[in-house]
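The block underneath contains the structure these notes are about, expressed in structure tokens.
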Amino acid sequence: MNLILFRALVLFFVMIPGSCYYAQIKDISPVLPSPVVYKRAKGNLYLPKKISLNKDAFPEHMIAQLDTLLEKIHALETVDTRGKAFIRLRKLKNVPKDFYSIAINDYVFISYSNEKSLFYALESFIQLIQTEEDIKYISKAFIQDYPKFEWRGLHLDVSRHFFTVAEIKKYLDIMAFYKLNIFHWHLTDDQGWRIEIKAFPKLTSIGAWRDSTIINHFTSEPRQYDNTVHGGYYTQEEVKEIIKYAQERYITIVPEIEMPGHSSAALAAYPEYSCNQKKQSVPGVWGVFDNIYCTKEETFVFLETILEEITDLFPGDYIHIGGDEAPKTNWEYCINCQKTIQDNALLNEKELQSYFIKRIDRFLLKKNKKLLGWDEILEGGLSPNAAVMSWRGMQGGIIAAKKSHYVVMTPGSHCYFDHYQSKSKSEPLAIGGYTSLEKVYNFNPIPSGLSSTEAGFILGGQANLWTEYIPDMNQLEYMAYPRAIALSQSLWCTDKPEFKSFSKMLYTYHFPLLDILEVNYSNSSLKPSIDFIGFNKGIRIKVNSKDSSDVFQTNISEDGISKNKTFTLKANHYFDVQAKKENTVKTTITFKNLKNSITSNVTLKNHLGLGAKITFETAPNPQYNYTQSVLTDGQYGMRPWRGHEWIGFDSDNIVFEIEFEKKKKIKTVNFSFLKSNGSWIYLPNELNIYKPSRKREKLFAKSTIKTEQTEIKINRRIRKLRFKISTHKKIPIGFPGEGHTPWTFLDEIEFN
Ligand SMILES: [Zn+2]
């Protein structure tokens, strides 16, 4: 291309509207995780189609990966040269661990401290390359970089759902692209044993397969199963292949073999190592099971034989042995377990768990390995060489660090990627919880209150992907990305940019990159939120966006007929939809942020009570108090229930008042309750509607509740109503949650 044409093109790009948006982020490095130092210089370095480098200076596998990514993302290739190379290298000494720097001037100059840091430099190099039409360039800059934490982990549960070798490799590829360096491979659990053990073939011939899997949330009733065989396992040859693949990406694999709990699959294959020795099948339902390993001598021989093969296979320092959620029910009644308690002068079953872990710890130590377990391994005393993975909050990690044990922080609040990432109704079914992208971004594995020496025992952090509700790779990527990039920011960056810059970087640069890499990421955390606020004339649709420059368009259809109303508004504006007699409003909002547009569909039910003011005398439980206006916003909650869009009470008497702006003729009031006994949510007993009065309340109507939808006739002109709902005092014996106060859940009260 000649220079004049080239300049004309550049000028053209500067003038298109999108590029002024781009100009705002120019001084932030496009590399994620964000480098420690990024200093922009004037001008760009334009890339040749063939990038020359001295291939002998790189490990072969590194060049192979560089070529693959350059070709796939940028349609560029490398070429070997003995002369002046486009990418030049220099090895450094006496710099921070895994340090590298890149100077981009008239060529690319990489300084690195070890092979791993050279790899990181190349990943950054690939992300630095920008495209405008067919022109590839890197902004001239100087980068200095090294990780803050040495443990930047991503976990994967392959037991609840099995993932193929090819899928694991893709998972590792994307991890490496974002400089995550620990792959915690959860290989065994109740619902499937997934690794070949030569000494015990039944672990995979029986333990790797289940006949059926539960459909919907496991608290849904009645329980339904898919009646389809699910399973699979990795042969030791495949495991070796994956280990090598991970090593070539500077990722250490931490295998997890669960004990003494979460062992149903192993015990289905070898029931002789359970307390009751009863035959059982591999379960297809989620949860915690009482049937765990018996602590008799034969079990230790069995487990140590398994661990012998595991330690021979995996080169990493750590072996994860689980240790979580092990009910002691069977141990209490087992002659063998009670004998172990007596023989070893233990106080109780908690100490027996500690004894169990200590024995395994001693064995691993002999094999030159370190034991890692979930924070339950603190129970009954921590084994001398054990490291703790703190998942039930950070407290377990704090206790362990204070006792000079190494810790990996993975609290459910910030690191459980099987939780929902937005409150949108279109999210796929998840286990529960809410872990937004921003929350992950703000994760700090060092809790306050630790001395600097104690904080030194915190190795880093990790996100966990439990796959009860993640059936395939598509959904796995949806749950993992972009949250895993936010995690990498929180674990790599010395001083990370503010969340707003990060989210812009995702939209403008990394989402398109993930598209090329064929990763099914979610953009739901960054979608503008849409509030539907009822008011007396209809519904007010308010769009809240993190970015004030966002522009969106709206199409509204009423009663299924599109009115072709198109609005173009600035963010944080609202518009009103007038209510008709009875109609359903479907709103499609298209959000335009450069190349990205997002559509949200919400069906709204118009009724006379929209926007009516609610005053609660009985406070809803703060955990289930979606918004104050949720009961009169024209929206119904999701079924199966997901925790959002519902108001939940945990008291046996619920009182509140609803007030309209002016008197209205109301014929009926329709209540919408939730019945989900598995979650201890029951229908209430009785509902009373009063005319409020300071002197004496007047009862308008009364009804017993038999179904989720209850209609009550009123037939009056009113302005204000008072409601009293009474429930069972306690959940009856024989029902889930027996003896506790039942939950009462409501999503909408419709006035017609
Ligand atoms: Zn036992």
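The values are calculated or read from the model by the stated rules, or taken from the named source; none is laboratory data. Predicted model, so just to flag it, every value in this text is computed and none were measured. Here the Cβ is made from the backbone with ideal geometry for all residues, glycine too, and neighbour counts use every protein chain on show.
The set of residues from the range 313-345 being among the charged types (D, E, K, R) and either closer than 21 Å to Arg392 by Cβ or more than 32 Å from the chain's Cα centre (by Cα) (or both) comprises Asp324, Glu325, Lys328, Glu332, Lys339, Asp343.
Taken as a whole, the range 368-384 holds no residue that is closer than 26 Å to Gly287 by Cβ and touching a Pro at 6+ places or on another chain (Cβ under 9 Å). Within the range 38-53, being exposed (fewer than 15 other Cβ atoms within 10 Å of the Cβ) and either touching a helix residue (DSSP H, G or I) at 6+ places or on another chain (Cβ under 7 Å) or not in a loop (DSSP other than H, G, I, E, B) (or both) holds for Lys39, Arg40, Ala41, Lys42, Gly43, Tyr46, Lys50. Among the residues of the range 209-234, those that are touching an Asp or Glu at 6+ places or on another chain (Cβ under 8 Å) and loosely packed, with under 13 Cβ neighbours inside 10 Å comprise Asn227, Val229. Scanning the range 277-299 for residues that are within 14 Å of the ligand (Cβ to nearest atom) and not hydroxyl-bearing (Ser, Thr, Tyr) yields Gln277, Lys278, Asp290, Asn291, Ile292, Cys294, Lys296, Glu297, Glu298. The single condition among (1) under 30 Å from Gly153 (Cβ atoms); (2) within 11 Å of the ligand (Cβ to nearest atom); (3) acidic (Asp, Glu) that Glu332 does not satisfy is (1).
Residues that are closer than 27 Å to Gln127 by Cβ and modelled with pLDDT of 95 or more number at least 3 in the following strands (runs of 3 or more DSSP E) confined to the range 434-546: 458-463.
Is the range 486-494 home to any residue that is surrounded by fewer than 19 Cβ atoms within 10 Å (Cβ to Cβ), in contact (Cβ under 8 Å) with a residue 60 or more places away in the chain and not acidic (Asp, Glu)? The answer is yes; a qualifying residue exists.
Looking at Arg82, Arg90, just one residue is more than 31 Å from the chain's Cα centre (by Cα), surrounded by fewer than 17 Cβ atoms within 10 Å (Cβ to Cβ) and not in a loop (DSSP other than H, G, I, E, B), and that residue is Arg90.
Listed here are the residues, each with its yes/no results for (1) among the acidic types (Asp, Glu); (2) touching a residue at least 60 places away in the same chain (Cβ under 8 Å); (3) away from the ligand (no atom under 16 Å from the Cβ); (4) in contact with a strand residue (DSSP E or B) (Cβ under 6 Å, 6 or more places away or on another chain).
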residue	(1), (2), (3), (4)
Val254	no, yes, yes, yes
Met259	no, yes, no, yes
Tyr270	no, yes, no, no
Cys275	no, yes, no, no
Val301	no, no, no, no
Gly316	no, yes, yes, yes
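Please determine, by comparing only the residues of the range 353-376 that are among the charged types (D, E, K, R) and in contact (Cβ under 8 Å) with a residue 24 or more places away in the chain, which one is surrounded by the fewest Cβ atoms within 10 Å (Cβ to Cβ). Ranking the candidates gives Lys367 first. From Glu708, Glu697, grab the single residue that is free of Cβ contacts under 8 Å to residues at least 60 places away in the same chain and either within 41 Å of the chain's Cα centre (by Cα) or not assigned by TED's automatic domain parsing to the domain that holds Leu631 (or both). Just a single option satisfies the conditions, and that option is Glu708.
Being charged (D, E, K, R) and either loosely packed, with under 14 Cβ neighbours inside 10 Å or closer than 14 Å to Phe86 by Cα (or both) is the filter here, so list the residues in the range 54-69 that pass it. Residues satisfying the conditions are Lys55, Asp56, Glu60.
Looking at the range 569-582, can you tell me whether even one residue there is more than 30 Å from Thr213 (Cα to Cα), modelled with pLDDT under 65 and part of a strand (DSSP E or B)? Yes: one or more hits. Of all residues in the range 377-390, one or more are acidic (Asp, Glu) and more than 18 Å from Ile470 (Cα to Cα).
Among the residues of the range 440-482, those that are out of contact with any strand residue (DSSP E or B) (no Cβ under 8 Å at 6 or more places or on another chain) and polar (S, T, N, Q) comprise Asn442, Asn444, Ser448, Ser451, Ser452, Thr453, Asn474, Gln475.
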